[in-house]
Amino acid sequence: MEFEAVIGLEVHAQLSTQSKIFCACSAAFGAPPNENTCPVCTGMPGVLPVLNRKAVEFTIRTALATSCAVQSKSVFARKNYFYPDLPKAYQISQYELPLALAGHIDIEADGGTKRIGITRIHMEEDAGKLVHEGEFAGAQASLADLNRCSVPLMEIVSEPDMRTPEEGGAYLRRLRDILVYLEVCDGNMEEGSFRCDANVSVRPKGQKEFGTKAELKNMNSFRNVEKALEYEIRRQVEQIEDGGTVAQETRLWDAAANVTIPMRGKEEAHDYRYFPDPDLLPLIVDDAWIDALRKTIPELPAEKVARLASTCGISRYDAELLSSSRALADFFEASVKIYGGNPKVSANECIHWKDAVAAGKISPETIAHAVEDRETGKISATASKTLVELVIRTGKPLRQLREEKGLSQVSDAGALEETVAKVIAANPKEAESYRNGKAGLLSFFVGQVMKETKGKANPKIVQEVLKKKLG
Amino acid sequence: MHEWTLQEAARKVRDKEISSRELTRALLDRIERINPKINAYVTVLHDKAMAEATARDETQAKGEALGVLHGVPLGLKDIFCTRGIRTTCGSRILSYFLPPYDAAVAEKVAASGAVLLGKHNMDEFAMGSSTETSHFGPTRNPWATGRIPGGSSGGTAAAVAAGLCYAGVGTDTGGSIRQPASLCGVVGVKPTYGRVSRYGMIAFASSLDQGGPVTRTVPDAAMMLGVIAGHDRRDSTSVDLPVPDYPAAAERPVKGMKVGLPREYFEVEGLDPAVRGAMEKALDALVVQGAQAVEISLPHTSFAVATYYIIAPAEASSNLARYDGVRYGYRAKVAGGLIEMMSRTRAEGFGAEVKRRIMIGTYALSAGYYEAYYGKAQKVRTLIRRDFDAAFAKVDAILTPTSPTPAFRLGEKTGDPLTMYLSDIFTIPCNLAGIPGISVPCGMSAEGLPIGAQLLAGHFREETLFTAAAAIERALPHPPVAPLEGA
Ligand SMILES: [Zn+2]
């Protein structure tokens, strides 16, 4: 029997706002324990949450970029449970009425595009973390670090529209790229600012009903998500083929062993007793606000790839490489605006130097000037590479360095004639042989001229002048 | 001098007839003598209050601008967080809690120039109608120390009635300011929901809680509300409306005001004849001064108590979940793990009434019961609000008793929570509707126990309340301070 998998993904993305979602504390990562806390995010008596407007705007922009319907009224609820990393003993999260519903994003799959539905996007606050003294089991003490408490998150829930681990990976990467393009999330999976849980089930191909699903957690890279999905699909198929059934459970990905394992301990059937948080008014979003935010949506990755490939004369492959970062694509476009020339060369340069671009070590002029000087013969390919490296090291403009280091090449035929004449005069025998048909000697003369000019002559021009003089 | 009104005391300090130090010293001395009899204060700030009074006098000597309550000693219900000053909420679980911040109300009172004498006793987490659930022992009624002062702001009402401060600020979730004000013969105001910031006011039921003044006269209450009202960005439910000149409203004539008498409130079983008699006097006082009485109906009144006892415990069960012994407050000494520590902390830290309400609320919110209880209660709440909207289309204010009976005896109702809950039957609908209410003294029972009249008005119509309550007060003057034996 042939099986197919049904995959839905839940992404928790940390919004890159300056402050937390319900207080003015910094939302920055990596501060000393409990440094970024105040009475509000540590759940002291009598304090109240005040919604961060920026966090709302970031979520609305995400909703618009994923074609979701932004809801005019959404409501924050309390999800009640006891845990030492949750100071209020409830998490404020949108529940019945989320901020956005029913969107989609398109991914590349099997050479075409496939549309993956987005069920909902809602806002919520993060919890803190516990630090255990020694191993978790039998720890002598546990300490709470509440820095992460109330850091703003948005949860993006997909429809169960993916059928393969590759589609899951493609969806995640595309979603991450969109969030990074919007500058609403840094997309860093390792630091936990972009987290993914997966719901997976399998069913005989052609069957309409879904199989029993397992929820996968603890996957902290795109690759791990794909590997965990692959493993879990295989496991479920084997289970069924062996005459067994799939249990509805939460499983953790063990990246070291490359397996999913059931979450330890019996899962408690939680009753979170959700109810609307009386401390927060319903969130009302009017059309004017949405329209204003719509104007801030930049060109998104899919559109950018299509435009660069169709209008800039570069390959789709290069367009995708350039569009992997909004900054890199912008850099490329700025560079070809300064010097058009052959955009393929500019694209290759931008891709080659992408780390320096990301680090802000070179400007679009650097690449534009390097490409222009090479195409007009002012510098050699080697000199071009040397010069960009020098720009990165010194921060000086490329053309200034070219002069300082004497890396221009002589491309003026007139200026080379004298040297060429001198070289021919100094090697009469070789000149004779060349004229008698030993064409291979041309490279000997080129070498001599290059030596005489200390490598600054443009070899192409040297050849032309030599041919004329020797001819 | 303890019998002066708040306005008198403020004027005398301003006119340098008396210094803040003298006034504060006199009240601290009086607290020292009287408080052991009634237990109105859980914390008295002897040194801090004197230091504050000294600073006020120095400010005045320098000729700097003075706040409206400059140098006047006041008290706050121990539900308002005060920076570096123990804030217990009447509970063992917060018996050593030192807040690192001030409640908005505490800030406003300090900004007005007042001097904080101490923190008033209260029912634990404001859950109670008699101040008997306090971990720090019950407060007694200054008019009859064998009786309860009402609750949950019983400490505040008793302190004001006994002349242990010129004014206090309490909180009212289902009558917790108005009912003790009525039972102690003082004035208490429950402002419109959103009028006074809840920031730093320890939450009982967030959608119902509201801070408000307790004073000995209506103009004092108006003055005090002017100090504590106003928008606060730290409270999302606080409303951004200008604060009117409330004291001016207390001087306006009541002539032409339409006063509604809700049929359902006077049909309540167990309405004490003395209360009924006092209400007739209050109505007469208004009519004589030119107000017009109109009979009205608030048809959903009989559902109010049941609705309240679902919504308030539900919110409380969530609000009180944070007291787990992890970060602050009482922590049980146990050798076991996390769950045992949390369970024991809460078992030992909370009293019986608080536990009862946490259980009711947890049940009302649980899966499978939510719609039948919490969902239904919210719908009834809307109907109760509509009752009032319809009524205020016809009348300016509504007159009712505040409490069905005068103060009952200590221990009389502690064994019977349901009877206790019914003592808030007249005050609860106002919180459910979010409208303002006031209790003003309007007579005495045969045993010499105070009786209060409640006036209600539409949202943000506190001025109407002050106008009508001042008219009752002018016609039916009451003694300034309870005549405590040996005081
Ligand atoms: Zn904070």
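The values are calculated or read from the model by the stated rules, or taken from the named source; none is laboratory data. Computed from a prediction, not measured in an experiment: that's the story for all the values here. For neighbour counting, all protein chains shown are included, and Cβ atoms are generated from backbone atoms with ideal geometry for every residue, glycine included.
In table form, for the structure just shown:
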{"quantity": "Residue within the stretch B:95-113 that is within 14 Å of chain A (Cβ to nearest Cβ), assigned to a helix (DSSP H, G or I) and surrounded by fewer than 24 Cβ atoms within 10 Å (Cβ to Cβ) present", "calculated": "yes"}
{"quantity": "Residue that is in a strand (DSSP E or B) and within 26 Å of the chain's Cα centre (by Cα), where the choices are A:Ile107, A:Ile60", "calculated": "A:Ile107"}
{"quantity": "Number of the exception - B:Val169 against (1) within 14 Å of another protein chain (Cβ to nearest Cβ); (2) assigned to a loop (DSSP other than H, G, I, E, B)", "calculated": "(2)"}
{"quantity": "Cβ pairs under 7 Å, 6+ apart, first in the stretch A:140-153 and more than 11 Å from chain B (Cβ to nearest Cβ), second of a type in the set (Lys, Arg) and assigned to a strand (DSSP E or B)", "calculated": "A:Asp145/A:Lys129; A:Arg148/A:Lys129"}
{"quantity": "Unmet criterion (only one of (1) farther than 30 Å from B:Lys413 by Cα; (2) surrounded by fewer than 21 Cβ atoms within 10 Å (Cβ to Cβ); (3) of a type outside the set (Ser, Thr, Tyr)) for B:Gly325", "calculated": "(2)"}
{"quantity": "Test: residue in the stretch A:425-445 that is among the small types (Gly, Ala, Ser), in the same structural domain as A:Tyr339 (by TED's automatic domain parsing) and not in a loop (DSSP other than H, G, I, E, B)", "calculated": "no"}
{"quantity": "One residue from A:Val246, A:Val200, A:Val225, A:Val259 being in contact with a helix residue (DSSP H, G or I) (Cβ under 8 Å, 6 or more places away or on another chain) and surrounded by fewer than 17 Cβ atoms within 10 Å (Cβ to Cβ)", "calculated": "A:Val259"}
{"quantity": "Neighbours by Cβ (under 7 Å, 6+ apart or cross-chain): first from the stretch B:180-203, within 14 Å of chain A (Cβ to nearest Cβ); second among the basic types (Lys, Arg)", "calculated": "B:Ser197/B:Arg234; B:Tyr199/B:Arg234"}
{"quantity": "Lone unmet requirement of (1) within 16 Å of the ligand (Cβ to nearest atom); (2) in contact (Cβ under 8 Å) with a residue 40 or more places away in the chain; (3) farther than 18 Å from A:Pro282 by Cα for A:Leu51", "calculated": "(3)"}
{"quantity": "One residue from B:Ala222, B:Ala205, B:Ala248 being among the hydrophobic types (A, V, I, L, M, F, W, C), part of a loop (DSSP other than H, G, I, E, B) and out of contact with any strand residue (DSSP E or B) (no Cβ under 6 Å at 6 or more places or on another chain)", "calculated": "B:Ala205"}
{"quantity": "Residue match in the stretch B:86-102 (condition: among the basic types (Lys, Arg) and under 26 Å from the mean Cα position of the chain (by Cα))", "calculated": "yes"}
{"quantity": "Of the criteria (1) closer than 15 Å to B:Gly175 by Cβ; (2) modelled with pLDDT of 95 or more, which one B:Leu399 fails", "calculated": "(1)"}
{"quantity": "Test: residue in the stretch A:126-133 that is closer than 22 Å to A:Gln14 by Cβ, more than 16 Å from the ligand (Cβ to nearest atom), in contact (Cβ under 8 Å) with a residue 24 or more places away in the chain and surrounded by 19 or more Cβ atoms within 10 Å (Cβ to Cβ)", "calculated": "no"}
{"quantity": "Residue list for the stretch B:63-90, filter: among the hydrophobic types (A, V, I, L, M, F, W, C) and more than 13 Å from chain A (Cβ to nearest Cβ)", "calculated": "B:Ala65, B:Leu66, B:Val68, B:Leu69, B:Val72, B:Leu74, B:Ile85"}
{"quantity": "Residue in the stretch A:283-303 that is within 14 Å of chain B (Cβ to nearest Cβ) and within 30 Å of A:Val70 (Cα to Cα) present", "calculated": "yes"}
{"quantity": "Qualifying residue in the stretch A:54-63 (condition: without any contact (Cβ under 8 Å) to a residue 40 or more places away in the chain, basic (Lys, Arg) and either surrounded by 15 or more Cβ atoms within 10 Å (Cβ to Cβ) or within 16 Å of the ligand (Cβ to nearest atom) (or both))", "calculated": "yes"}
{"quantity": "Flag if A:Val40 is within 16 Å of the ligand (Cβ to nearest atom), buried (at least 24 other Cβ atoms within 10 Å of the Cβ) and among the hydrophobic types (A, V, I, L, M, F, W, C)", "calculated": "no"}
{"quantity": "Hits in the stretch A:77-88 (condition: of a type outside the set (D, E, K, R) and either at the interface with chain B (Cβ under 10 Å from one of its Cβ atoms) or assigned to a loop (DSSP other than H, G, I, E, B) (or both))", "calculated": "A:Asn80, A:Tyr81, A:Phe82, A:Tyr83, A:Pro84, A:Leu86, A:Pro87"}
{"quantity": "Tally, over the stretch B:405-448, of residues that are in a helix (DSSP H, G or I), in contact (Cβ under 8 Å) with a residue 40 or more places away in the chain and surrounded by fewer than 24 Cβ atoms within 10 Å (Cβ to Cβ)", "calculated": "4"}
{"quantity": "Residue within the stretch B:350-361 that is of a type in the set (D, E, K, R), closer than 18 Å to B:Ile311 by Cβ, buried (at least 18 other Cβ atoms within 10 Å of the Cβ) and out of contact with any helix residue (DSSP H, G or I) (no Cβ under 6 Å at 6 or more places or on another chain) present", "calculated": "yes"}
{"quantity": "Candidate set: the stretch A:14-34, residues that are away from chain B (no Cβ under 13 Å) and within 11 Å of the ligand (Cβ to nearest atom); chosen: the one farthest from A:Glu183 (Cα to Cα)", "calculated": "A:Cys25"}
{"quantity": "Elements of type helices (runs of 4 or more DSSP H) contained in the stretch B:310-395, each with 3 or more residues being within 30 Å of the chain's Cα centre (by Cα) and away from chain A (no Cβ under 14 Å)", "calculated": "B:352-365, B:376-392"}
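One line per residue, one yes/no per condition, for (1) closer than 24 Å to B:Tyr308 by Cα; (2) in contact with a Phe, Trp or Tyr (Cβ under 6 Å, 6 or more places away or on another chain); (3) aliphatic (A, V, I, L, M):
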position	(1), (2), (3)
B:Thr400	yes, yes, no
B:Pro406	yes, no, no
B:Thr419	yes, no, no
B:Asp424	yes, no, no
B:Thr427	yes, no, no
B:Val440	yes, no, yes
B:Gly448	no, no, no
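Residue by residue, here is whether (1) surrounded by fewer than 18 Cβ atoms within 10 Å (Cβ to Cβ); (2) within 14 Å of chain A (Cβ to nearest Cβ); (3) without any contact (Cβ under 8 Å) to a residue 40 or more places away in the chain; (4) among the aliphatic types (A, V, I, L, M) holds:
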{"site": "B:Gly226", "(1), (2), (3), (4)": "no, no, no, no"}
{"site": "B:Asp235", "(1), (2), (3), (4)": "no, yes, no, no"}
{"site": "B:Pro244", "(1), (2), (3), (4)": "yes, no, no, no"}
{"site": "B:Ala249", "(1), (2), (3), (4)": "no, no, no, yes"}
{"site": "B:Pro253", "(1), (2), (3), (4)": "yes, no, no, no"}
{"site": "B:Val259", "(1), (2), (3), (4)": "no, no, no, yes"}
{"site": "B:Arg263", "(1), (2), (3), (4)": "yes, no, yes, no"}
{"site": "B:Met279", "(1), (2), (3), (4)": "no, no, no, yes"}
